[in-house]
1. Which residue pairs have Cβ atoms under 9 Å apart, sit 6 or more places apart or on different chains, and have a first residue in region 72-100 that is on the phi > 0 side of the Ramachandran plot and a second that is open to solvent by 70 Å² or more (accessible area, probe 1.4 Å) and outside any strand (DSSP E or B)?
2. Among the residues of region 30-62, which ones are of a type in the set (A, V, I, L, M) and not in a strand (DSSP E or B)?
3. Please determine whether any residue of region 57-67 is among the acidic types (D, E), modelled with pLDDT under 90 and touching a Gly at 6+ places or on another chain (Cβ under 9 Å).
4. Take region 56-97 and flag every residue that is open to solvent by less than 60 Å² (accessible area, probe 1.4 Å), closer than 15 Å to T37 by Cα and among the small types (G, A, S).
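The values are calculated or read from the model by the stated rules, or taken from the named source; none is laboratory data. Treat the numbers as computed from the prediction; the structure is a model and nothing was measured. Every residue, glycine as well, gets a Cβ built from its backbone with ideal geometry; the counts of neighbours run over all protein chains shown. Accessible surface is based on the protein model in full, side chains and every heavy atom, while ligands, DNA and RNA are left aside. Shrake-Rupley method; radii C 1.70, N 1.55, O 1.52, S 1.80 Å.
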Amino acid sequence: MRKTALIALALYAALMAWCGTESQARYAATTPQVSTTPPLTALLPTEDGSGEQTWYPCAPAAALYWDEDNPYLYVVDTRPGFFGSELFVRQVSVAVQPGFGEDADQLIPLEASTLGASQLIVTEASLPLENGATVRVADPDAPSAPAECATDTDNQPAPPSSAQSSEAL
């Protein structure tokens, strides 16, 4: 009797280990892994091309999607899940500064107050994204941004209020 119980227990433990491994593999294969960056500050040309100006917030051009003429991007948020908090992506409509568009090389300045300083912008995804999809963050401590951008949120200027013009930045 004891021998049968031990064999059954060993088989049960092996089955649970196999199920856990299969579950992890399925999660990794079906849940997009994303790279992120906070809103960036960048020195870019002015609208008329006569000089350079500091722009905040900016997003990498690769992070922007266009639905007809309406740009949007994905940000990472948290929500309560079955086993605690889970990460998911939320689609956010953004307004691009006048004079910049889809053809920008690396960074696109956004209208002030479009994004919060603590929001993480999705720059790359291993699978196509959908609004509300659960995601895994590749390395939450290493933002992926072009080398010429400021990513240190302590040294970024505060986003201007909506009453200020873009020239006041």
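1. Final answer for the pair search is G99/E47; G99/D48.
2. Initially, region 30-62 is screened for residues of a type in the set (A, V, I, L, M), giving 34, 40, 42-44, 59, 61-62.
Listed by number, the residues that qualify are A61, A62.
3. Within region 57-67, the first condition is being among the acidic types (D, E), and the residues that meet it are 67.
Pick out the ones that are also modelled with pLDDT under 90 and you get 67.
Among the residues that remain, those that are also touching a Gly at 6+ places or on another chain (Cβ under 9 Å) are: none.
There is no residue in region 57-67 that is among the acidic types (D, E), modelled with pLDDT under 90 and touching a Gly at 6+ places or on another chain (Cβ under 9 Å).
4. Those that are open to solvent by less than 60 Å² (accessible area, probe 1.4 Å), closer than 15 Å to T37 by Cα and among the small types (G, A, S): A59, A61, A63.
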